[in-house]
Amino acid sequence: MFRLLFPKPPLSLARTGNIIFHAPISRNCLFQSRSFASSPLTRLIYKRATKIKKLPEAMEQERKVLKDAKTVSDIEDIEKIKSLATNKYYQKTPLILKPYMRSILLRPAGFIISIAILQQALSIIPFLILWYVFDQYEISPPSLPDNIVVKGMELMHNGLINWDESQGDKYTAEMAGANAYATIRVLGPVIWISAILLAPFFDQYYSQQQQQQQEAKYLQHQREVKQVQQQLNNQQRASQYQQNVTTANQLVRMAPNNFFTMGPYRARKDKCRLSVIDKYDVQGYIAAGTYGKVYKAVGKLGNDVDKLYAIKKFKSDSKDNEVMHYTGISQSAIREMSLCKEVKHKNISTLREIILERKCIYMVFEFAEHDLLQIIHYHSHPEMKPILQSTLKSAMFQILQGLSFLHQNWILHRDLKPANIMVTHDGVIKIGDLGLARKFSNQLQTLYTGDKVVVTIWYRAPELLLGARHYTPAVDLWAVGCILAELLSLRPLFKGEETKMDNKKHMPFQENQLLKILQILGTPTLYDWPSLNNYPEYPQLQRFTLFPSNLKAWYANNGGSDTNCFDLLSKLLIYDPTVRINALGAMSHKWFLQSPKPVQNIFQGSTMKYPRRKIHKGDSDILGGANNSIYGSAVNNVNANSRVNNKRKISNSNNANIGNIGNISMSNMSTTQINQKRNYAFMNGRGSSSSGFEDNSKRKR
């Protein structure tokens, strides 16, 4: 039947030596027809493309296709798409006709072939259906052209000449076929229009099938190539491993006896490591303390040239029979290094790097020219000069910002005080000295177990004074309240005397310090502090005389008139730590919302010219000079057994001699003299440092 109606196909899809591939042409996919030589290595990779409406989108499509292009035909796709985006006929074509215009411009051959195939299909299938209907139901459509019916009869007669049926049935079938043929010929224009309308979609479907087959072949080829490459890599690794083993065995036989000891390794590492004095030009030291010194330095290399830094040097040796022995790194140094490397905030001192040289730790911080203790001293000497309201408010807000960041990251500072609050030359607050800081999440032991004494005595919260084993970030907020009061009055709010420890296993009750608090805030009751009677030192508190609250009178006597400021101060100094305001709540307090509002530069609007930090130039040898040579010769002259014995001696006497390790300028002072020096010895540079490093006596550890 097909041979009768269509003796030969109007258009062939195959040519000798070439294969024509069709790609979908639709609103979502634009492809190009390609011809490839028939060979096993022929591959076709199709790339998706979005509908191009404007030139920028076309350029973006070009960039994406170019990025994933793997064949020359992909590059040709880019050129086609680019030319289509700039074609004036395509741009003027109505939106409904753009699929047909794309097919004509990009793939004319595929569009014509699709029309031809659809025309054949839309002719044959209706013809067969009509032939069956006319034959079964003996229907004869009226008004059909006689000449077409006659031609149809001739074709049907020739086609059914060998049909083995009766003459009547054969004539009926021929007549039904002639009517169906005539009907299809009459409907020819409609069939052609339908074929043209459906051509883009038929071409898209056909091309998708071709694309899936080609992608499957390509992926299979990629897997095979990958397997072969993996086998080759495995063989190369095995060969390289065997070669390395052979080389290593040869080196072991040739190596000296000390080759695998730490000595040669350290020597090799030291050759490629820059010394601290190669990186920084030390100008002098800022402050000295039990754990070492803080030096002011200027960068010498790369981007650090002419930049100021504060280098905090930890001592790691002690004296025993006039010979120095290495005793390791202190817990405070380890904790500060680990936390400073993690913490990054604009209101916290930034650690630039850590250097280990000659068994000493050097922590390099950004340099801060001032600290709050120095500023308080400047305003209180020689006469009292109140701190500007905008400076006070901006400083407090930035302190709370940095503290809030620490608390949100589960870190307690535990040593907040004016000496540890740095101020840069451009008026930015930097919280320093994280030596006592500690994470308080997922604790295996109580905070009291690790450090029994935290926070300098004047800024220690009442729950700590009463012997709390468990405490919260509220201890830092109490210290912030003390700092606010000190900035207002230019002198410490609770200036008590610390009771020294007679026995390290028993912590003394700080009676004088708690008395100073009670005299200003009044005696707490169980109504104000329900958990008060659970603290170990509660019986000691009951011995005190009852005091009324005098905080409001103190505030008025020190020139305080802002009720919002007093409200924040009173919330920071609430006895009950569960009710005490937190850092986020303090930052949103109405005092910070009223004018003048906090600014980034706390010195903005101030006419004060604060003096620069004093630098002691007498000792700028950060490496220690002769001490290091003595140390090096001592270590080299002592054998392994004697070093072990000496370390045991030092560990046994470490607690007894800890006060004598590195007390540089204060070792001959009494406790009273040290406390007097601490009060306001700012001009000599001992009050603080850019990294919060100071004399250990200030911590009262």
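Listed values, structure above:
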| quantity | calculated |
| --- | --- |
| Per-region count, the stretch 152-202, residues modelled with pLDDT of 80 or more, closer than 18 Å to Val133 by Cβ and charged (D, E, K, R) | 2 |
| Gly496, sole failed condition from (1) surrounded by 15 or more Cβ atoms within 10 Å (Cβ to Cβ); (2) closer than 30 Å to Phe405 by Cβ | (2) |
| Number of positions in the stretch 365-398 that are among the charged types (D, E, K, R) and at pLDDT 95 or above | 1 |
| Pairs, first over 30 Å from Asn558 (Cα atoms) in the stretch 356-382, second modelled with pLDDT of 90 or more and among the small types (Gly, Ala, Ser), C-beta under 8 Å, six or more apart | Val364/Ala297; Val364/Ala310; Phe365/Ala310; Phe365/Ser349; Phe365/Gly432; Glu366/Ala310; Glu366/Ser349; Phe367/Ala310 |
| Some residue of the stretch 590-612 being surrounded by 14 or more Cβ atoms within 10 Å (Cβ to Cβ) and in contact with a Cys (Cβ under 9 Å, 6 or more places away or on another chain) | yes |
| Residue within the stretch 191-213 that is in a helix (DSSP H, G or I), in contact with a strand residue (DSSP E or B) (Cβ under 7 Å, 6 or more places away or on another chain) and not hydrophobic (A, V, I, L, M, F, W, C) present | yes |
| Filter result (of a type outside the set (Gly, Ala, Ser) and assigned to a loop (DSSP other than H, G, I, E, B)) within the stretch 478-500 | Leu490, Arg491, Pro492, Leu493, Phe494, Lys495, Glu497, Glu498, Thr499, Lys500 |
| Any hit, the stretch 234-246, residues being part of a loop (DSSP other than H, G, I, E, B) and among the β-branched types (Val, Ile, Thr) | no |
| Qualifying residue in the stretch 531-539 (condition: more than 35 Å from the chain's Cα centre (by Cα), of a type in the set (Gly, Ala, Ser) and surrounded by fewer than 22 Cβ atoms within 10 Å (Cβ to Cβ)) | yes |
| Residue that is farthest from Val149 (Cα to Cα) [pool: residues in the stretch 114-130 that are in contact with a Ser or Thr (Cβ under 9 Å, 6 or more places away or on another chain) and of a type outside the set (Gly, Ala, Ser)] | Leu118 |
| Segments classed as helices (runs of 4 or more DSSP H), wholly inside the stretch 387-477, with at least 1 members that are buried (at least 22 other Cβ atoms within 10 Å of the Cβ), in contact with a helix residue (DSSP H, G or I) (Cβ under 7 Å, 6 or more places away or on another chain) and not β-branched (Val, Ile, Thr) | 389-408, 462-465 |
| Residue in the stretch 290-299 that is in the same structural domain as Asp371 (by TED's automatic domain parsing), in contact with a strand residue (DSSP E or B) (Cβ under 7 Å, 6 or more places away or on another chain), assigned to a loop (DSSP other than H, G, I, E, B) and not small (Gly, Ala, Ser) present | yes |
| Qualifying residue in the stretch 261-280 (condition: surrounded by 15 or more Cβ atoms within 10 Å (Cβ to Cβ), in the same structural domain as Val305 (by TED's automatic domain parsing) and not in a helix (DSSP H, G or I)) | yes |
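Residues are listed down the side, and each one gets a yes or a no for (1) in contact with an Asp or Glu (Cβ under 8 Å, 6 or more places away or on another chain); (2) closer than 22 Å to Tyr575 by Cα; (3) at pLDDT 90 or above:
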{"site": "Val423", "(1), (2), (3)": "yes, no, yes"}
{"site": "Gln445", "(1), (2), (3)": "no, no, no"}
{"site": "Gly450", "(1), (2), (3)": "no, no, no"}
{"site": "His470", "(1), (2), (3)": "no, yes, no"}
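The values are calculated or read from the model by the stated rules, or taken from the named source; none is laboratory data. Quick caveat: nothing in here was measured; it's all calculated off a predicted structure. Note that each Cβ is placed from the backbone with ideal geometry, even for glycine, and that neighbours are counted across all protein chains shown.
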